[in-house]
Amino acid sequence: MTEQKRVVPYDLLGGEDALLALVEAFYRNMKESGETPMLKAMHSSNTKSIESRLFKYLSSWLGGPSLFMEERGSMCITDAHRPFTIGRRERDEWIINWNKALEEIGASEEVKEMVREPIFRVADMLRNVDEDDKNAVA
Ligand code: HEM
């Protein structure tokens, strides 16, 4: 019986080099585009360390080498986001950068479609404010 290799988004994206380019584009656009100010305000201006952490997370998450998992023993990133106020606006800014970065590296329609819903679910799961409370005046 021939064994079929499972096609993972990591490979469809183009492997390590493509993922490094994606993460680089994500934070460069965040800092320079002016389109995602809330997200930019939450991050320090030096994104070197966070770039490496997002790279490792996405490598694991997209089905490539499980770098984040091996280092941390878990894929849970809820605690890491708890110190930050994340509502719909912040979630959507994250997704804007994600989509822009995918475009920039020339990701295929197939891989973009494959990850569209799942990445939204991760970002949405990180929301930690009641929108009504956040917008309340008193
Ligand atoms: C929903 C909107 C999001 C916001 C506002 C946000 C914001 C942040 C901020 C401010 C940090 C800390 C940066 C630092 O340490 O300098 C962070 C860390 C991180 N974020 Fe997000 N993030 C979001 C969504 C996501 C998503 C969807 C992913 C994964 C697909 C992700 C993966 C990570 C990882 C891996 C870290 C590092 C965690 C660690 O080192 O323990 N984030 N995020």
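Between GLU70 and GLU131, what is the spin-label point distance in nm, taking each point 7 Å from the Cα along the Cα→C-beta axis?
Distance between the two pseudo-spin positions: 4.1 nm.
With the contact rule set at Cα under 8 Å and sequence spacing of 6 or more, what percent relative contact order holds for the stretch 9-130?
Rounded, it is 35 percent for the stretch 9-130.
Which listed residue (VAL111, GLY14, PRO37) has the Cα farthest towards the positive end of the charge dipole for the chain, taking +1 on Lys and Arg C-beta and -1 on Asp and Glu C-beta about the Cα centre?
Working it through, the farthest residue towards the positive pole turns out to be PRO37.
Taking the Cβ of PHE26 as the centre, find all other residues whose Cβ is under 11 Å away and add up their charges (Lys, Arg: +1; Asp, Glu: -1).
After counting each charged neighbour, the total is 0.
Measuring with a 1.4 Å probe in the full set of protein chains, what accessible area per residue, in whole Å², belongs to the chain?
Ligands and nucleic acids excluded, the result is 63 Å² per residue.
For the chain, take the longest principal axis of its alpha carbons; what is the angle in degrees between that and the long axis of helix 48-61, to the nearest 10 within 0 to 90?
Tilt relative to the chain: about 50 degrees.
Just to be sure I understand the model, the point goes 7 Å from the Cα along the line to the Cβ. What's the resulting LYS31 to GLN4 distance in nm?
Result: 4.4 nm between the two label points.
With charges set only on the Cβ (+1 for Lys and Arg, -1 for Asp and Glu), what does the dipole of the chain come to about its Cα centre, in debye to the nearest 20?
About 320 debye.
Measure nothing but the geometry: give the 0 to 90° angle between the long axis through the Cα atoms of 88-104 and the longest principal axis through the Cα atoms of the chain, rounded to 10°.
Tilt relative to the chain: about 40 degrees.
Taking the simple approach of a point 7 Å from Cα along Cα-to-Cβ for both THR78 and GLU24, what is their distance in nm?
3.5
Compute the longest continuous run of the chain that contains no exposed GluC sites (Glu not before Pro); treat a site as exposed when its DSSP state is not H, G, I, E or B and it has at most 14 other Cβ atoms within 10 Å.
Longest site-free region, per DSSP loop and neighbour criteria: 36-138.
In deg cm²/dmol and to the nearest 500, what is the mean residue ellipticity at 222 nm of the chain if only DSSP H runs of at least 4 residues count, each as -39500 (n - 2.57), divided by the residue total?
-19500 deg cm²/dmol
Quick one: grab the alpha carbon gyration tensor of the stretch 6-117, order the square roots of its eigenvalues as a ≥ b ≥ c, and give me rounded if a/c is under 1.5, else prolate or oblate depending on whether a/b is larger than b/c.
Cα axes put the stretch 6-117 in the oblate bin.
The values are calculated or read from the model by the stated rules, or taken from the named source; none is laboratory data. Everything numeric in this text was worked out from a predicted model, so none of it was measured. Backbone-built Cβ (ideal geometry, glycine too); neighbour counts: all protein chains shown. Ligands, DNA and RNA are excluded from the accessible area calculation, which covers all protein heavy atoms including side chains. Shrake-Rupley method; radii C 1.70, N 1.55, O 1.52, S 1.80 Å.
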